[in-house]
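*Asks:* Supplied in structure tokens, the structure appears directly below.
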Amino acid sequence: MSDTPVIALRDITKTYGESATTVHALRGVSIDIAHGEYLAIMGASGSGKSTLMHIIGCLDQPTDGQYFLDGVPVATLDSFALGVVRNRKIGFVFQSFNLIPRTTAFANVELPLVYAGVKKAERRERARSALESVGLGDRLDHTPNQLSGGQQQRVAIARAIVTNPSIVLADEPTGALDSESTAEVLDRFDGLHREGRTVIVITHEHDVAERAARVIRLRDGAVIEDVRQSGHLPSSRVGAQR
Amino acid sequence: MNFSSVTIALRGIIANKMRSALTTLGIMIGVASVIVLVGVGSGSAAASRKQLEGLGSNTLTVIAGGFGFGRGGGTQSRKVTITDADVKALEDKQNAPDIAQIVPTVNASNATAVLDGASTTPQQVQGTTPNFSSVRNYPVQYGRFFTQADYDAHANVVVVGSTVVKNLLGEQADLSSVVGKPIKIGGKTFSIIGVFKTKGSNGIQDQDNLAIMPLSTIRDTLSGNSGTVDGLTIQAANAGATTAAQSEVTSVLLAQHKNASQSDYLVLNQASLLSTQAQNNRTFTVLLGAVAGISLLVGGIGVMNIMLVTVTERTREIGIRKAIGAQHSHILIQFLVEAVLLAGIGGMLGVAAGVAGTHFRIVNVQPLVEPYAVFLAFGFAVFTGLFFGIYPANRAATLRPIDALRYE
Ligand SMILES: Nc1ncnc2c1ncn2[C@@H]1O[C@H](COP(=O)(O)OP(=O)(O)OP(=O)(O)O)[C@@H](O)[C@H]1O
Ligand SMILES: [Mg+2]
């Protein structure tokens, strides 16, 4: 099984707009990501990182090219199947947290399980333990506006992992956090990686990328560097080009 | 649909209190007006029905017509009269086989009644025959009605309606207490021998503001004896015979009065008039209901409007939900439940307001709470929420996750 990549991108392009105003956000990206990999995506602003992540997360479709998820061409999936994939297979963490406002941390984390049709008792148990795993067992009834940025992002992580997905995607998860919260969140990602999940993180920060075993660098919608780091390589090597 | 959809939807409603309140208000007004207006329609129908019952069964009313303009002219207001001889002729089974009973009445106008120093002027002071009570459906509650013996003796006895007693002794008066007491009417003294059972209003007038005495007595005391009567109530042999009785009355009267024409006598088959009126009332009710239904429809469009705004405002939230695995049906149900809840709450408040509203008299009609109107209005309100919620809910559900997430 480990021969088949979890994620296989073949010549993915994404174009926005028409004629004069056309933007080529991705210009032929091909990447294979193996099961259990810890991958960081870097690149300048506007280089297409989020666009790529949205395609990987099945939130958006490429203009051209093929995307195989666990060997299945995503283009062949209907909207119901895509919903199931987003619910069970992928956990998405956004830079801006994207918690549902006026809704408690517990209810936010429980929601993916509601959509998965999990029974109430089990739902409660799993939502609680997911929140405990990010150190927020005592904040179940707090609404997002009663939580700090780092706490909100940890709620978002709990929500992403509550359905036990094999892939966790994070688009600049620490972009809005201070260094202490950043460390908390990154420790959590390390943990997810150790649990055997495939973790993909978009980041601008070297100390974030440093934790990943593999770093992909984008420029103008194309992959310009794909480096596997054995152990913890010095950050200077990745940061040199910045 | 599970409990969570309801919770999620309720949360949405509470988060936008003002807007939700205004929407509910629209539905509430629609539902309340359906209940009240249908209530007015059926209330006025009930009033006619009561009037019909008040008349007694199978009765015709005969009034000498041709008021004022006839050949008689001058001060005489009536061209023709109904005489005692006419009554005799009508009683003849040969001439009028379909007539069962005849109740002649003679009126005394503006006779003031005085009891224990208090005075009132009953709407009607009438002399009549002992069969009045049964034919006109005026049962006596306390004491008794006058008998043929009283009639033959020209006894100074009177039976009064409850309003007369209340006007004399106050609202709380013990109706039975007046039985046996002397009362002065038009300056003459009578003994009260009975009080009629309260009939209430017939929708036009109070049916209890009257004093009834033997016809022989009233001629001796108040009206004088001209050998004529002011009106006749005729009871047909059975319900099917009223039309036949009606034509018999007309032909007997015309035979009696050689120089009168058919239009000189008004023979009212009030039962049939009232049933026509009841028919009109039904049309009226439907019309009122339709007007109210339109306001309910407008309320429904209000729900749609609010739901569209809600969907637009919560586009990003819809994107988040889709990103974590919400299916089309989840979003659809969430917004549908919200729309139906809004409409349902409005409908419930409307039922409360409408039922409360029927406690007031409207255009002199006491509205009735019609269960069918309540259920129909409430059901329609919920249906409105469902119907007008489907479009916005579906629009929300079909949004692509990335578009919804990017929405600002
Ligand atoms: N919906 C859109 N319509 C038009 N152009 C878009 C849209 N989304 C992204 N783009 C363009 O595509 C390019 C890539 O955008 P993307 O968001 O992927 O960049 P990014 O690498 O994530 O940048 P950042 O680090 O600032 O988040 C940009 O030039 C952007 O302007
Ligand atoms: Mg981005």
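The values are calculated or read from the model by the stated rules, or taken from the named source; none is laboratory data. This one's a predicted model, so the numbers in the text were calculated from it and none came from an experiment. Positions of Cβ are backbone-derived with ideal geometry, glycine not excepted, and every protein chain shown enters the neighbour counts. Protein only, heavy atoms only, side chains kept; ligands, DNA and RNA dropped before computing areas. Shrake-Rupley method; radii C 1.70, N 1.55, O 1.52, S 1.80 Å.
*Asks:* Which percent, nearest 5, of DSSP beta bridges in chain A are antiparallel?
*Replies:* 55
*Asks:* Hey, what D do you get for region B:258-378 in µm²/s if you plug the Kirkwood alpha-carbon radius into Stokes-Einstein at 25 °C and 0.890 mPa s?
*Replies:* Approximately 128 µm²/s, per Stokes-Einstein.
*Asks:* How long is the gain from A:Ser179 to A:Ser79 if the chain were fully straight, where each residue apart is worth 0.36 nm and the alpha carbon distance is subtracted?
*Replies:* Gain on extension, A:Ser179 to A:Ser79, equals 32.1 nm.
*Asks:* List the trypsin sites (Lys or Arg not before Pro) within region B:193-297 that DSSP assigns to loop and that have no more than 13 neighbouring Cβ atoms inside 10 Å.
*Replies:* For trypsin sites (Lys or Arg not before Pro) across region B:193-297 that sit outside H, G, I, E and B with at most 13 neighbouring Cβ atoms in 10 Å, the list reads B:Lys258.
*Asks:* Let me ask something additional. Mind checking which lysines have their C-alpha under 30 Å from B:Lys184, skipping anything on the same chain fewer than 8 residues away?
*Replies:* In chain and number order, the partners are B:Lys166, B:Lys197, B:Lys199.
*Asks:* Looking only at other chains, what is the average number of their beta-carbon atoms within 10 angstrom of each beta-carbon in A:77-84?
*Replies:* Per residue, the number of nearby Cβ atoms from other chains is 3 on average.
*Asks:* Same structure again: Just how large is the dipole of the protein assembly as shown about the Cα centre, in debye to the nearest 20, putting +1 at every Lys and Arg Cβ and -1 at every Asp and Glu Cβ?
*Replies:* Taking the Cα centre of the protein assembly as shown as origin, the dipole is about 300 debye.
*Asks:* If you don't mind, another one. Residues of region A:138-165 with backbone nitrogen within less than 20 Å of a virtual label 7 Å along the Cα-to-Cβ line of A:Asp207, please, listed as ranges.
*Replies:* Only A:149-154 pass the distance filter.
*Asks:* Same structure, new question: Give the peptides B:341-349, A:164-172 in descending order of average Cβ contacts within 10 Å, highest first.
*Replies:* Going by the mean number of other Cβ atoms within 10 Å, highest first, we get B:341-349, A:164-172.
*Asks:* Okay, moving on. Out of residues 5 or more away from A:Thr104 or on other chains, whose amide H comes under 5 Å of its own, with H placed 1.01 Å from N in the peptide plane?
*Replies:* Close amide H contacts, sequence-distant or interchain: none at all.
*Asks:* What does the C-alpha gyration tensor say about the overall shape of region B:129-199? Classify as rounded when a/c is under 1.5, otherwise prolate if a/b is larger than b/c, or oblate.
*Replies:* oblate
*Asks:* Percent of Cα-Cα pairs per 10 Å bin, from 0 to the last occupied bin, for region B:102-235, please list those.
*Replies:* Calculated over all Cα pairs of region B:102-235, the distribution is 13, 49, 33, 5, 0 percent.
*Asks:* Going by alpha carbons, how many degrees (0 to 90, nearest 10) lie between the helix axis of B:3-15 and the longest principal axis of chain B?
*Replies:* Compared with the principal axis, the helix lies near 80 degrees.
*Asks:* Here is a follow-up. Starting from the eigenvalues of the Cα gyration tensor, five times each then square-rooted, give me the equivalent ellipsoid semi-axes of chain B, largest first, whole Å.
*Replies:* 67, 24, 16
*Asks:* Pairs of Cα atoms under 8 Å, at least six residues apart: use those to get the relative contact order of chain B, whole percent.
*Replies:* That works out to 30 percent.
*Asks:* Enumerate the calculated ³J(HN,Hα) couplings along region B:101-106 in order (Karplus 6.51 cos²θ - 1.76 cosθ + 1.60, θ = phi - 60°), each rounded to whole Hz, writing x wherever the residue is Gly or Pro.
*Replies:* 9, 10, 10, x, 10, 10
*Asks:* Further question on the same structure: Do the alpha carbons of any pairs in B:Lys88/B:Lys258; A:Lys14/A:Lys49; B:Lys50/B:Lys181; A:Lys119/B:Lys322; A:Lys14/B:Lys322; A:Lys120/B:Lys322 sit beyond 23 Å of each other, and which pairs?
*Replies:* Checking Cα-Cα distances, B:Lys50/B:Lys181 exceed 23 Å.
*Asks:* Let me ask something additional. For region B:347-353, take each phi angle, set θ = phi - 60°, evaluate the Karplus expression 6.51 cos²θ - 1.76 cosθ + 1.60, and give the result in whole Hz per residue in order, putting x for glycine and proline.
*Replies:* Residue by residue, region B:347-353 yields x, 5, 4, x, 4, 4, 5 Hz.
*Asks:* Ok, one more. Give the span of the protein assembly as shown's Cα atoms along each principal axis, as three whole-Å numbers ordered largest to smallest.
*Replies:* 133, 51, 42
*Asks:* Please list, in order along region B:360-374, the HN-Hα scalar couplings obtained from phi with the Karplus expression 6.51 cos²θ - 1.76 cosθ + 1.60 (θ = phi - 60°), rounded to whole Hz, x for Gly and Pro.
*Replies:* 9, 6, 10, 6, 6, 10, 8, x, 10, 7, 9, x, 5, 5, 4
*Asks:* Among all helices in chain A defined by DSSP H, which have a length of 15 Å or more along the axis from Cα atoms plus a Kyte-Doolittle mean of at least -0.5?
*Replies:* Membrane-span-like by this rule: A:105-116, A:149-161.
*Asks:* Which one, B:Leu169, A:Val223, A:Phe68, is farthest towards the positive end of the dipole of the protein assembly as shown when Lys and Arg carry +1 and Asp and Glu -1 on their Cβ?
*Replies:* My answer, from the dipole projection, is B:Leu169.
*Asks:* Averaged across A:89-95, how many Cβ atoms of other chains sit within 10 Å of each residue's Cβ atom?
*Replies:* 2
*Asks:* Give the Rg (one decimal place) followed by the Dmax (whole number) of region B:308-408, computed from C-alpha coordinates and expressed in Å.
*Replies:* Gyration radius and largest Cα-Cα distance of region B:308-408: 18.9, 62 Å.
*Asks:* Continuing with this model, one more query. Could you look at the protein assembly as shown and say what percent of its accessible area is carbon and sulfur, using a 1.4 Å probe and all protein chains?
*Replies:* 56
*Asks:* Determine the sum of side-chain charges near B:Thr315: Lys and Arg each +1, Asp and Glu each -1, restricted to other residues whose C-beta is under 13 angstrom from that of B:Thr315.
*Replies:* In short, +3.
*Asks:* Work out the length of the dipole vector of region B:102-235 about its Cα centre, built from +1 on the beta-carbon of each Lys and Arg and -1 on the beta-carbon of each Asp and Glu, and round it to the nearest 20 debye.
*Replies:* The dipole of region B:102-235 has a size of about 60 debye.
*Asks:* Of all the Cα-Cα pairs you can form in region A:177-234, what percent are over 18 Å apart?
*Replies:* Every Cα pair in region A:177-234 considered, those over 18 Å come to 37 percent.
*Asks:* Follow-up. Please compute the average number of Cβ atoms from other chains found within 10 Å of each residue's Cβ in peptide A:60-69.
*Replies:* 1
*Asks:* Efficiency by 1/(1 + (r/R0)^6): what FRET value for A:Glu225 and B:Arg19, r their Cβ-Cβ distance, R0 = 51 Å, to the nearest 0.05?
*Replies:* 0.45
*Asks:* Next up: To the nearest 100 Å², how much accessible surface do chains A and B hide from each other in total, with a 1.4 Å probe?
*Replies:* Result for this pair: about 2100 Å² buried.
*Asks:* Along the three principal axes, how long is region A:85-242 when you take its alpha carbons, biggest first, rounded to the nearest angstrom?
*Replies:* 50, 30, 29
*Asks:* For labels at B:Asn364 and B:Lys258 in the simple 7 Å Cα→Cβ model, what's the distance in nm?
*Replies:* Spacing of the two 7 Å Cα→Cβ label points: 4.5 nm.
*Asks:* Can I ask one more? So who's got an amide H within less than 5 Å of the one on B:Val157, skipping anything under 5 residues away but keeping other chains? H placed 1.01 Å off N, in plane.
*Replies:* B:Ser191
*Asks:* For the residue pair B:Thr198 and B:Asn137, what label-to-label distance in nm results when each label sits 7 Å from Cα along the Cα-to-beta-carbon direction?
*Replies:* 1.9
*Asks:* In terms of modelled amide H atoms, which long-range or inter-chain residues lie less than 5 Å from the amide H of B:Gly231?
*Replies:* B:Thr105
*Asks:* Per residue, what accessible area does chain A have, given a 1.4 Å probe and all protein chains present, in Å²?
*Replies:* With all protein chains present, chain A gives 44 Å² per residue.
*Asks:* When the convex hull of the Cα atoms of region B:181-260 is projected onto a plane and the area is averaged over all directions, what value comes out in nm²?
*Replies:* Seen from a random direction, the Cα hull of region B:181-260 projects 8.3 nm² on average.
*Asks:* Return, for the Cα atoms of region B:178-312, the radius of gyration and Dmax in Å, separated by a comma.
*Replies:* Just the Cα atoms of region B:178-312 yield Rg and Dmax of 26.9, 88 Å.
*Asks:* Still on this structure: Out of the DSSP beta bridges found with both residues in the protein assembly as shown, what percent are antiparallel (nearest 5)?
*Replies:* The antiparallel fraction comes to roughly 70 percent.
*Asks:* Subtracting the Cα-Cα distance from 0.36 nm times the residue separation, let me have the gained length for B:Val6 to B:Val286 in nm, one decimal.
*Replies:* 97.2 nm
*Asks:* Modelling each spin label as a point 7 Å along the Cα-to-Cβ direction, I'd like the B:Glu91/B:Gln148 distance in nm, to one decimal.
*Replies:* Inter-label distance under the simple model: 1.0 nm.
*Asks:* What accessible area per residue, rounded to a whole number of Å², is obtained for chain B using a probe radius of 1.4 Å?
*Replies:* 46
*Asks:* If each DSSP helix of 4+ residues adds -39,500 (n - 2.57) and the sum is divided by the residues in the protein assembly as shown, what number results at 222 nm, nearest 500 deg cm²/dmol?
*Replies:* -14500 deg cm²/dmol
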